[in-house]
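The values are calculated or read from the model by the stated rules, or taken from the named source; none is laboratory data. Note that this is a predicted model, so its numbers are computed, not measured. For neighbour counting, all protein chains shown are included, and Cβ atoms are generated from backbone atoms with ideal geometry for every residue, glycine included.
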Amino acid sequence: MRLLIFLAVAVVALTALVRWLEPRIAFLPFPGEDETPRAAGLPFDALTIETSDGERLRAWAIHGPAPKARIVYFHGNGGNLSNWSSIVSAVARRGYSVLAVDYRGYGLSTGHPTERGLYRDVDATVARPWTDAEGTLPLIYWGRSLGGVMAAYAASVRKPDGVIIEAGFADARSAVRGSPVLAILSLLASYRFPTAEFLNRANVPVLQLHGDRDSVIPIELGRQLFQMLEGPKEFVVIPGGDHNDQAPRDPEAYWSAIDRFIGARRGPTKRG
């Protein structure tokens, strides 16, 4: 009986420790904002998006003169919008209007990040209306790494014309399976990040991009996600691509796949 009590207490204590650790492992936010698209010569609107639970999110909106599509961009788990500024600016320079948001606790956004909290951030972001002119353009959700989970969730909330996933993974447990310790601890964790589940629920066309030298989310995890998807899908390998590349190692393969995927989202579809 004493042994059983000891084991029960140990499991409860370990579970509490894992629940305390998981947001600190999953999220690596940086405060502040020290670079914007203006550094790349792009005018932008600084926005505040309010969530249902009272947080205020920092967001950037870049409007092209004759955009080909609307992109809602969800960045990865590290840094803030400033760290992703060059990437967001590159998307805008391809002729797309872009809305990019900092999750709660990142950059100038209020609050502290949690899995459920980030879903509330996504709810608020995709509820934001577009102008009438832009409302007739294809709507694409684009997420990188953890942002791929957010893009997938967004698609299950407000259906877009397509989703782009960079360096994606099927769910939280698959993402940590390379570490035996984290894999065991994940059995006690509450975070799920079920990318595949969200995308299958949304049932929209998906383009997956994955570098074949990704040192954080190995390409095998991206292929696992791809195999689990039930709807229209395409997988593109970026030769030499690593996880935190600020620019694609193979720009031709990267941008031609993106432009082709977005160009195929015919309509125009009204999703204002």
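Quick notes
- Residues of segment 95-126 classified as assigned to a helix (DSSP H, G or I), in contact (Cβ under 8 Å) with a residue 24 or more places away in the chain and of a type outside the set (Phe, Trp, Tyr), total: 10
- In segment 36-94, residue surrounded by the fewest Cβ atoms within 10 Å (Cβ to Cβ) [restricted to those that are of a type in the set (A, V, I, L, M) and assigned to a loop (DSSP other than H, G, I, E, B)]: ALA66
- Residue list for segment 187-228, filter: in contact with a strand residue (DSSP E or B) (Cβ under 8 Å, 6 or more places away or on another chain), under 22 Å from GLU115 (Cα atoms) and surrounded by fewer than 21 Cβ atoms within 10 Å (Cβ to Cβ): none
- Taken residue by residue, segment 237-254 has at least one member that is of a type in the set (Phe, Trp, Tyr) and out of contact with any Phe, Trp or Tyr (no Cβ under 8 Å at 6 or more places or on another chain).
- Of all residues in segment 195-228, those satisfying the criterion of being assigned to a helix (DSSP H, G or I) and among the small types (Gly, Ala, Ser) are ALA196, ALA202, GLY222.
- Test set (1) touching a helix residue (DSSP H, G or I) at 6+ places or on another chain (Cβ under 7 Å); (2) over 25 Å from TYR191 (Cα atoms) - VAL91 fails condition number: (1)
- If the condition is being under 20 Å from ASP212 (Cβ atoms) and modelled with pLDDT under 95, then segment 137-179 contributes SER174, ALA175, ARG177, GLY178.
- Residue count for segment 241-260 satisfying the condition of being touching a residue at least 40 places away in the same chain (Cβ under 8 Å) and touching an Asp or Glu at 6+ places or on another chain (Cβ under 7 Å): 1.
- Every residue from segment 214-240 that is in contact with a helix residue (DSSP H, G or I) (Cβ under 8 Å, 6 or more places away or on another chain) and either of a type in the set (Lys, Arg) or more than 15 Å from LEU146 (Cβ to Cβ) (or both): GLN224, MET228, LEU229, GLU230, GLY231, LYS233, GLU234, PHE235, VAL236, VAL237, ILE238, PRO239
- Meets criteria (aromatic (Phe, Trp, Tyr), more than 20 Å from TRP142 (Cβ to Cβ) and either modelled with pLDDT under 95 or buried (at least 16 other Cβ atoms within 10 Å of the Cβ) (or both)) for TRP20: yes
- Any hit, segment 229-250, residues being assigned to a helix (DSSP H, G or I) and surrounded by fewer than 16 Cβ atoms within 10 Å (Cβ to Cβ): no
- Any hit, segment 154-175, residues being out of contact with any Phe, Trp or Tyr (no Cβ under 7 Å at 6 or more places or on another chain), among the hydroxyl-bearing types (Ser, Thr, Tyr) and either touching a residue at least 40 places away in the same chain (Cβ under 8 Å) or in a strand (DSSP E or B) (or both): yes
- A search for C-beta distances below 8 Å between a residue of segment 227-240 that is closer than 10 Å to LEU199 by Cα and any residue that is part of a strand (DSSP E or B), counting only pairs 6+ apart in sequence or on different chains, returns LEU229/VAL206; GLY231/VAL206.
- Qualifying residue in segment 24-37 (condition: among the polar types (S, T, N, Q) and more than 16 Å from the chain's Cα centre (by Cα)): yes
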